[in-house]
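Structure record follows, encoded as structure tokens.
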Amino acid sequence: MVRIETDILGKNNEYAAANRRWFEEHGILALNLVSSPGSGKTSLLTRTLDDLKAEFELSVIEGDQQTANDAERIRETGVRALQINTGKGCHLDGHMVGHALQTLKPVDDSVLFIENVGNLVCPAAFDLGEAHKVAILSVAEGEDKPVKYPDMFHAADLMVLNKIDLLPYLRFDVDRCIEYARRVNPGIKVLQVSAVSGAGMQDWYQWLRTSRQLAAIGR
């Protein structure tokens, strides 16, 4: 079993490395959005697309086991989206993303969001060639998620704590959640946002702008 896992991840890493080289050559900021189901990932993404689509080029790869519901929501913003259905698979992999790029063809110096399958376990191990993994956690899920699923938060560069508009109605310890996240990943950056009220969204947008500029410089 160990040999099989090693072979699978090794092959995936080859595809991911090819994706990463392509992103770097074209100055594309690729972000791997990961979360459990119900975190508000798609709502956060659609608001982001609506607010930033006039500022720079955006595109989306959507990953789900079934349906094209989320891709249709993305397309309603006017941003191009490509759906990948994984069937029984619990994550996207480097080969799936590389194949999708041939069809989607994101433009140079743009931002590509890869919305992974809702799952805090499997996507942690699979590099897609992205510049950053962004872990989205809603305050409705419980503050202990970073220590219950440490591999995901250890792999992420940024944790977006979403749905903070619900904090008055929940027992959720924000400080403890952030402490847990930094226990497994001392360097993780944390942003607190609400895709519904708009609270904290400007901080998220500024992080995107800065990350995009760095991607363009590295081209």
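Determine the shape class of segment 137-216: with a ≥ b ≥ c the square roots of the Cα gyration tensor eigenvalues, call it rounded for a/c under 1.5, and otherwise prolate if a/b is greater than b/c, oblate otherwise. Here segment 137-216 falls in the oblate category.
Annotation for segment 63-141: GluC sites (Glu not before Pro) lying in DSSP loop with at most 15 further Cβ atoms inside 10 Å of their Cβ are Glu76.
By how many nm would the segment from Val121 to Leu167 lengthen if fully extended, with 0.36 nm per residue of separation less the alpha-carbon distance?
Details: separation 46, 0.36 × 46 = 16.56 nm, distance 2.57 nm.
Net length gain for the segment: 14.0 nm.
Mean separation of Cα pairs under 8 Å and 6 or more residues apart, divided by the residue count, gives the chain a relative contact order of 26 percent.
The local environment of Arg171, defined by Cβ-Cβ distances under 13 Å, has a net charge of -3 under the rule Lys, Arg +1 and Asp, Glu -1. Helical content of the chain, expressed as a calculated mean residue ellipticity at 222 nm, amounts to -13000 deg cm²/dmol (DSSP H runs of 4 or more residues, -39,500 (n - 2.57) each, divided by residue number, nearest 500).
Computed over the chain, the convex hull of the alpha-carbon atoms projects to a mean area of 11.8 nm².
Calculated FRET efficiency, Asp7 to Ala216, Cβ-Cβ distance, R0 = 35 Å: about 0.45 to the nearest 0.05. Summing +1 for each Lys or Arg and -1 for each Asp or Glu, what net charge is found among the other residues whose Cβ lies under 13 Å from the Cβ of Val79? The answer is -4.
Return the FRET efficiency for the residue pair Glu72, Asp203: r is the Cβ-Cβ distance, R0 is 22 Å, and the value is rounded to the nearest 0.05. Here the calculated transfer efficiency is 0.15. Among Ile188, Ile114, the ranking by other beta carbons within 10 Å of each residue's beta carbon, starting with the fewest, stands as Ile188, Ile114. When you filter the chymotrypsin sites (Phe, Trp or Tyr not before Pro) in segment 1-63 for DSSP loop state and at most 15 other Cβ atoms inside 10 Å of their Cβ, you are left with Phe56.
Near Gln65, the amide H atoms lying under 5 Å from its own belong to Thr86; only residues 5 or more places off or on other chains count, and H is placed 1.01 Å from N. Within segment 76-103, whose backbone N sits under 20 Å from a point 7 Å along Cα→Cβ of Glu25? Residues 94-103 qualify, since their backbone N sits under 20 Å from the label point.
Shape annotation for segment 21-74: C-alpha extents along the principal axes are 33, 26, 18 Å, from largest to smallest.
Every number in this text was worked out from the coordinates using simple rules, so none of it is lab data. Being a predicted model, the structure only gives us computed values, none of them experimental. A quick note on method: Cβ atoms are made from the backbone with ideal geometry, for glycine too, and the neighbour counts reach across all protein chains shown.
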